[in-house]
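Participant: Take a look at this one; I'll ask things after.
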Amino acid sequence: MPIYEYVCGKCKNKFELMRPFSRSQEGAECPKCYGASDRILSACYAKSSGENGIHDRLSGTGSSCSSCSSGNCSSCGH
Ligand SMILES: [Zn+2]
């Protein structure tokens, strides 16, 4: 079962969650504050310049990296 990374929209807590691929597009619940959390697209994250890139991706251009769910980041433009 793949492990996905999430970041909480409230407290910015980052955590990992193991779940079936069929549920990979669903949001997760923060284990600290139970706030709604967004998945970090790990493949693209690894290619971004650093920590500061995370929020930009989540708020704006994240949808352009949807292909990363297959583990293939070739179309994300980086
Ligand atoms: Zn939280």
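Participant: Out of the residues in region 21-52 that are out of contact with any strand residue (DSSP E or B) (no Cβ under 7 Å at 6 or more places or on another chain), crowded, with 18+ Cβ neighbours inside 10 Å and under 23 Å from C11 (Cβ atoms), state the one that is modelled with the highest pLDDT.
Facilitator: Ranking the candidates gives L41 first.
Participant: OK, next. Would you pick out the residues in region 6-30 that are within 13 Å of the ligand (Cβ to nearest atom), closer than 14 Å to L41 by Cβ and not in a strand (DSSP E or B)?
Facilitator: The one that is within 13 Å of the ligand (Cβ to nearest atom), closer than 14 Å to L41 by Cβ and not in a strand (DSSP E or B): G27.
The values are calculated or read from the model by the stated rules, or taken from the named source; none is laboratory data. As the structure is a computational prediction, the values presented were derived from the model and not from experiment. No Cβ is skipped: glycine too gets one built from the backbone with ideal geometry, and neighbour counts run over all protein chains shown.
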